[in-house]
């Protein structure tokens, strides 16, 4: 499936390139002067980050390292203004500065980010600054109906060809895969994820399934093909819905699967199963109660449900840069916050599984494929786009690996439904 | 193990017997008059409960039935004052009135309670009254250190012989068993529960385990015997600790298991595993943060934890009568409320399993054994004690069967611990 990628120069992440030509490709011919104030800023930055074992290399080649451990990775900072921006709001500005090449990482990007994340997480100074900045500046975009469409368009309508380059071939799953044994291929692990979810939902032939947020439609087709269920799959990404419909028609599943270009809030009808894989992140913390109302409205008395979502151990906004450039309006909820979906209508949570480290593996597969197609992507978009996506995937690996992000699968039914399996052994019979 | 039960007339639930001799055994010789007001009260009670398919039989034999469905069970009300009390606060007074025999159930007690629970749960009038009464009158006892001792003494120190009559022989587990197949015996299912928890905790020989709330010590001995771990088991029930120490000595496990008569808040030392089965119900909603502090203080960086507790789908106090007569200070938390334990210290919830229907099965075994020993229990305590316990177990069955109560097992680790299994298949290898 490694076909050509459609030119898509119109898509841009709008990353500003504020310098006078220091765009990463060029190392300035004559390094500009490093002032005592620049050195002070560099030391201050390391202090703020809790003295991680990292070295900052300034634009004249001068190295500033944290006092404590032996440095294990190096960040090359190309100009004084970049250093200044980093110090003002590292979580927000690092992303743009890296994307346009005003910061380079000498060594493994993922390892560098993991070190920085771990250090920052245990630095009270950094936590204090981040909390204040979040309160003052980071206003995540909201998710009322029209806004959701804009937010989703920003991320998912940038070109199906692009996603085809690095997602699994078979089902185009842009969500955490499941590696019951860690050496599965990405294709095997995405298949295993879909099978795992289907077992959790105890699908029976003829079941009516509603899917909230169907991506490129792979999971809906999987359910229809392997379990004989009828699926109504809601999605507000136009490009994804067009793609999904074509695929279903080509695979003669269009009689079983209905891709509906509409918001989850407009789900209509009655269903035996509600499932949502990787949409809750886009629902926004103010709308979980509404989602619960939708489920209550559409689920049969003995219906089953599953929500699969990125989450947190404690409440915290999405990283400011990710929210700004990659996922506008996104918010990963804690389990406590997710209970807003379930409590009001007394849904019963039957099973929660945390697959955090499975997302590390999934993302490693994705970034490896992204890097393999780097030339093609840079040619179709631009260098900043490629570097931003590389950073987004690498940063996500670091966040899942250091425990800053979680992946929850939550199975539920109505509170008075006694048609429940006696154990979860049926989930593991085939493994 | 069906040995004699020690006389224990000193133990009383202090249930008042307010009538002039109408103590259940006697049907009054000449039935007293039923007034139009009595009939009005009876109809009002059925209306309040949402017109359940139940018949109220008044003390003169007159029957009042709900208008709707065909009645499937009958409650015999022995006097007008009992009817009056029922109408004023059914959740609180039914228990005492049943215990002293001023209400009798004609038919299956459990079925009667399930019908009443389901009807009341969907009766807006009843829910409104209960909410107001809870707010005004039900002040559950609190759980500061000294109070906890009193609360626990009230329930657990009423005689080990009594509990031996109807709990499983091998391990005296007074918590929900696990029935991976529904036809297990109680002994098999309690063993299966202990094995299931041990697998979830991934015990290794030499692990240091701390148990908060150890009951009669059966689970601590199980862990030591079958997994070669050392256990510090905390408990503030004096009689349970005495019993547990004797058992451990007799089984030559006293070198491995240390039963400590102290509060969970005083847990000292460092442990690889934290486990608590059926204690959280007694911790009280104001103390979950404190429990989290204790766990944070004692757990190693790669330690594992499990909390097993009765819970709710939405916040609601313990039934007023149960809280008053049976479990002072008890409160079953929602998952949202349980997060107070985990969020502050960023523990990562890895696995939640809801075993609600397993408690229905467990309780059915218990009540069947209790009934088998009814004569012995009545002789050692009194008739009201026996009937109160029968009602408590039957009411618990109804609460779990109708979805009013849940049973959560929550597995967790520290948020940055990456030593996690790739799947939960290891929990099901032996099933």
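See the values below:
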{"read-out": "Residues of the stretch A:76-132 satisfying the condition of being part of a strand (DSSP E or B), without any contact (Cβ under 8 Å) to a residue 60 or more places away in the chain and over 17 Å from residue A:41 (Cα atoms)", "value": "A:105, A:106"}
{"read-out": "Boolean, residue B:264 is surrounded by 19 or more Cβ atoms within 10 Å (Cβ to Cβ) and modelled with pLDDT of 95 or more", "value": "yes"}
{"read-out": "Looking only at the stretch A:144-164, and only at residues there that are modelled with pLDDT under 85 and assigned to a loop (DSSP other than H, G, I, E, B), the one that is farthest from residue A:245 (Cα to Cα)", "value": "A:158"}
{"read-out": "Given (1) under 21 Å from residue A:197 (Cβ atoms); (2) in contact (Cβ under 8 Å) with a residue 40 or more places away in the chain; (3) surrounded by fewer than 23 Cβ atoms within 10 Å (Cβ to Cβ), number of the condition residue A:274 does not satisfy", "value": "(3)"}
{"read-out": "Any pair with Cβ under 7 angstrom, 6 or more apart, that starts in the stretch B:316-337 at a residue that is within 14 Å of chain A (Cβ to nearest Cβ) and ends at one that is crowded, with 21+ Cβ neighbours inside 10 Å and at pLDDT below 90", "value": "B:332/B:318"}
{"read-out": "Boolean, residue B:293 is part of a helix (DSSP H, G or I) and over 26 Å from residue B:418 (Cα atoms)", "value": "no"}
{"read-out": "Any hit, the stretch B:165-176, residues being within 14 Å of chain A (Cβ to nearest Cβ) and at pLDDT 85 or above", "value": "yes"}
{"read-out": "Exclusive hit being out of contact with any strand residue (DSSP E or B) (no Cβ under 8 Å at 6 or more places or on another chain), assigned by TED's automatic domain parsing to the domain that holds residue A:239 and either in contact (Cβ under 8 Å) with a residue 12 or more places away in the chain or within 27 Å of residue B:405 (Cβ to Cβ) (or both), set A:352, A:360", "value": "A:360"}
{"read-out": "Residue identified as within 14 Å of chain A (Cβ to nearest Cβ), surrounded by fewer than 20 Cβ atoms within 10 Å (Cβ to Cβ) and modelled with pLDDT of 95 or more among B:358, B:373, B:426", "value": "B:426"}
{"read-out": "Count of residues meeting criterion [more than 7 Å from chain B (Cβ to nearest Cβ) and over 20 Å from residue A:360 (Cβ atoms)] in the stretch A:403-418", "value": "6"}
{"read-out": "Which numbered condition residue A:62 fails, given (1) at pLDDT 90 or above; (2) under 21 Å from residue A:378 (Cβ atoms); (3) surrounded by fewer than 19 Cβ atoms within 10 Å (Cβ to Cβ)", "value": "(2)"}
{"read-out": "Scope the stretch B:166-188; condition in a helix (DSSP H, G or I) and crowded, with 21+ Cβ neighbours inside 10 Å; matching residues", "value": "B:186"}
{"read-out": "Boolean, residue A:343 is facing another protein chain (nearest Cβ under 9 Å) and free of Cβ contacts under 8 Å to residues at least 60 places away in the same chain", "value": "yes"}
{"read-out": "In the stretch B:179-202, the residues that are within 14 Å of another protein chain (Cβ to nearest Cβ) and touching a strand residue (DSSP E or B) at 6+ places or on another chain (Cβ under 9 Å)", "value": "B:193, B:196, B:197, B:200"}
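The values are calculated or read from the model by the stated rules, or taken from the named source; none is laboratory data. Only a predicted model underlies this, so the values are computations on that prediction, with no experimental measurement involved. Cβ coordinates were reconstructed from backbone atoms using ideal geometry, including for glycine residues, and neighbour counts include every protein chain displayed.
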